[in-house]
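Asks: Below is one structure. I have some questions about it.
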Amino acid sequence: MSGEPVRLDSVHKRFGKLEVLRGIDVDVPSGATVAIIGPSGSGKSTLVRCVNHLEPIQGGAIHVGATKIDANGLWQDGRRLGAGDIARFRAHIGMVFQAFNLFPHLTVLGNLIEAPTGVLRMPRGEAVDRAIDLLAKVNLPEKVKAYPAQLSGGQQQRVAIVRALMMDPKIMLFDEPTSALDPELIGEVLKVIADLAIRGRTSIIVTHELAFAREIADRIVFMDGGKVIEEGKPADVLDRPQQERTRSFIGRIH
Amino acid sequence: MSPERLGRLFWEYSDIFVHGLWITVQLSFLAMFFAMALGMLGCFGSLSRSRILRSPAILFVEFCRNTPILVQLVWVHFAWPEIVGIKFSAYTSAVIALALQSSGYLAEEFRAGIESIDRGQVEASQSLGMTYLRLMARIVVPQAVIRMIPGILNQFVTCFKSTSIVSIIAVPDLMYQANLVASATFLPMPVYTFIALIYFAMVLSISAGVRQVTKLLPNFGYFQHRRTE
Ligand SMILES: Nc1ncnc2c1ncn2[C@@H]1O[C@H](COP(=O)(O)OP(=O)(O)O)[C@@H](O)[C@H]1O
Ligand SMILES: [Mg+2]
């Protein structure tokens, strides 16, 4: 499996009068990893949230595999998707949030098997096996019965990544997955992302970890003010930026 | 009046008082039961994105909260027969009016509980492919319920106190029995004082229980761990 391609085609997104995405073009081939960098408020979160339709768009189109999102909704084979189909569409796109968003009333295992059993109708035993297997891979085998609040931030985020992986997504979206973490916990999460989460999948990662982006991304997209300012191979964007705004951003973050 | 005479008086009428108290307790529980069901409808109606569901739900909730209980009681008992065409017993009217009153407050309580759940919970659920109904049932409501418990219990106390009003349509609750005994014995002062103390003791002990539950809640399930954060 190598994921599904994602292509943003002149995407426009407004919140009321505020235009947050102003004609975004981004191409993520099947199996590729694209890192999105840029200053706060540039529209990075909004962009990834449009890919799984947490946010509707007002112009342009987003192609996710065989599904097309435009200002009028979601489309497959010329048919407009209803609420149930949109939910099914999202089930195969994993999303990891800055704030983890684990379900605090469920144990780690409960968090992991909730959607596979409820949404995908996976038998419980199979879901539990899969959960235990994945927890071992992220070095948390003993936390099966823990509640999220009993875990460190780094542990919570690893569980959140596993929760997304439980659905065997074709696409993974990460919105600043390490920005809420203490510095000493960032490494363990980045490792799980690099070694497990993006393997064999198409991934879009919003991050301020430039070294990490350089290591794992096929392309880096620099955004500012709702536009793509510069885009290219990591070495080109990070070491030889063409645009003044890119240069100053990279200078500031180092 | 000697204490012995008073003692004998209350002993003589104790059956009546106990029966009255039993009716009061029944009314409180029945009214709260229906109020919870109505309150849930009101809550989900007012949260709905469909106008056809939302507008009547909001109207219902606001009506229940913004009319005095006495007016509701009289309205249900004396006006509904003409509006709906069914005449309810005084007891049924009392349950309906008390339930209406509480349901408005409970609907607001439920809604506040649901809206207090972090938006990230909904988004995480959606990103896992859950539909609105599923994420409400499995993720949002289970977290919100625990936050609603103190409000529900407080409403129960309010409802318990409100029951005393039903005596005016001759439901034989504690207050109604007190009126009977007071006029039969020509001893309003000791009778009403006694009744006031009973209500006071009841409400005080329910409230104390509520405070206890509210204090214990943080030890319940996942709340236990949140406290340390
Ligand atoms: N739900 C929303 N309603 C209104 N404005 C929003 C909303 N979400 C984001 N914005 C605005 O959109 C802009 C881009 O936000 P965001 O995509 O979160 O940027 P980034 O992730 O790059 O920091 C900001 O100006 C932000 O205030
Ligand atoms: Mg952001």
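The values are calculated or read from the model by the stated rules, or taken from the named source; none is laboratory data. Remember, it's a predicted structure, so these values are computed and weren't measured experimentally. Using ideal geometry, Cβ is built from the backbone for each residue, glycine included, and neighbour counts are taken over all protein chains shown. The accessibility values were calculated without ligands, DNA or RNA, using every heavy atom of the protein model including side chains. Shrake-Rupley method; radii C 1.70, N 1.55, O 1.52, S 1.80 Å.
Asks: May I ask you to list the trypsin sites (Lys or Arg not before Pro) in the stretch B:1-85 that are in a DSSP loop and have at most 12 other Cβ atoms within 10 Å of their Cβ?
Replies: B:49
Asks: Further question on the same structure: List, in order, the whole-Hz ³J(HN,Hα) value for each residue of the stretch A:65-78 obtained from phi through the Karplus relation with A = 6.51, B = -1.76, C = 1.60 and θ = phi - 60°; use x for Gly and Pro.
Replies: x, 8, 9, 10, 10, 9, 5, 9, x, 10, 9, 9, 6, x
Asks: Separate question: With a cut-off of 17 Å, note down the residues of the stretch B:125-140 whose backbone N falls inside the zone around a label point 7 Å from the Cα of residue A:76 toward its beta carbon.
Replies: B:127-132
Asks: Here is a further query. Just tell me, in residue order, which DSSP H segments of chain B are both 20 angstrom or longer along the helix axis (alpha-carbon based) and at least -1.0 in mean Kyte-Doolittle hydropathy.
Replies: B:14-47, B:51-65, B:90-115, B:141-162, B:188-216
Asks: Relative to the isolated chain, which residues of the stretch A:141-169 have their accessible area cut by 20 Å² or more in the presence of all protein chains (1.4 Å probe, heavy atoms, no ligands or nucleic acids)?
Replies: Residues meeting the cut-off: A:147, A:149, A:150, A:163.
Asks: Excluding residues on the same chain fewer than 8 positions from residue A:170, give the lysines whose Cα lies under 24 Å from its Cα.
Replies: A:44, A:68, A:137, A:191, A:233
Asks: If you don't mind, another one. For chain A, compute Rg over Rh where Rg is the Cα radius of gyration and Rh is the Kirkwood radius from the inverse mean 1/r over Cα pairs.
Replies: 0.97
Asks: Taking the Cα atoms of the stretch B:3-223 alone, what are Rg (to one decimal) and Dmax (as a whole number) in Å?
Replies: That works out to 21.1, 74 Å for Rg and Dmax.
Asks: A further question follows. Ignoring ligands, DNA and RNA, what accessible area per residue does the stretch A:152-246 give at 1.4 Å, in Å²?
Replies: Computed with neighbouring chains in place, this is 37 Å² per residue.
Asks: OK, next. Quote the charge dipole size of chain A about the Cα centre in Debye, to the nearest 20; the model charges only the Cβ of Lys and Arg (+1) and of Asp and Glu (-1).
Replies: Approximately 500 debye in magnitude.
Asks: Please work out the Cα center distance from the stretch A:175-192 to the stretch B:80-129, rounded to the nearest Å.
Replies: 43 Å
Asks: Then there is this: So, in Å, what gap is there between the alpha-carbon centers of the stretch B:140-167 and the stretch A:24-94?
Replies: Cα centroid to Cα centroid, the span is 44 Å.
Asks: Non-local amide H neighbours of residue A:74 (under 5 Å, H modeled in plane, Pro and chain starts lacking H): which ones?
Replies: Close amide H contacts, sequence-distant or interchain: A:81.
Asks: Something else now. Return the long-range amide H neighbours of residue A:36 (sequence gap of 5 or more, or a different chain), with a cut-off of under 5 Å between placed amide H atoms.
Replies: Result for residue A:36 returns A:205, A:206, A:207, A:221.
Asks: Leaving out ligands and nucleic acids, and using a 1.4 Å probe, what accessible area per residue does the stretch B:1-61 come to in Å²?
Replies: That works out to 66 Å² per residue.
Asks: Let's test the formula: R0 of 25 Å, r as the Cβ-Cβ distance of residue B:53 and residue B:217. What FRET efficiency results, to the nearest 0.05?
Replies: 0.20
Asks: Indicate the residues belonging to the stretch A:36-69 that lose 40 Å² or more of solvent-accessible heavy-atom surface (probe 1.4 Å) upon moving from the chain alone to the assembly of all protein chains, ignoring ligands and nucleic acids.
Replies: When all protein chains are present, A:54 each give up 40 Å² or more of accessible surface.
Asks: In addition: If each of residue B:112 and residue B:200 carries a label point 7 Å out from its Cα toward its Cβ, how far apart are those two points in nm?
Replies: 2.9 nm
Asks: Against the globular-protein guess of 2.2 N^0.38 Å, express the Cα radius of gyration of the protein assembly as shown as a ratio, rounded to two decimals.
Replies: Relative to the 2.2 N^0.38 Å estimate, the protein assembly as shown comes out at 1.32.
Asks: Taking 20 Å² as the minimum loss, tell me which residues in the stretch A:87-106 lose that much accessible area going from the chain by itself to the full protein complex (1.4 Å probe).
Replies: Residues meeting the cut-off: A:87, A:90, A:97, A:101, A:103, A:104, A:105.
Asks: Which percent of the accessible area of chain B is formed by carbon and sulfur heavy atoms (probe 1.4 angstrom)?
Replies: 69 percent
Asks: Put +1 on the Cβ of every Lys and Arg and -1 on every Asp and Glu Cβ in the protein assembly as shown; which of B:113, B:38, A:18 then has its Cα farthest towards the positive end of the dipole?
Replies: Value: B:38.
Asks: How big is the B/A interface in buried accessible area, both sides summed, 1.4 Å probe, to the nearest 100 Å²?
Replies: 2100 Å²
Asks: Run the paramagnetic zone check for residue A:30: 7 angstrom along Cα to Cβ, then residues of the stretch A:216-239 with backbone nitrogen under 20 Å.
Replies: Only A:218-219 fall inside the zone, counting backbone N under 20 Å.
Asks: Hey, how many Å between the Cα centroid of the stretch A:115-156 and the Cα centroid of the stretch A:204-238?
Replies: If we compute the Cα centre of each part, the gap is 31 Å.
Asks: Quick one: accessible surface of residue B:91, probe radius 1.4 Å, all protein chains present, in square angstrom to the nearest 10.
Replies: 70 Å²
Asks: How high is the FRET efficiency between residue A:129 and residue A:22 when r is their beta carbon distance and R₀ equals 51 Å, given to the nearest 0.05?
Replies: 0.65
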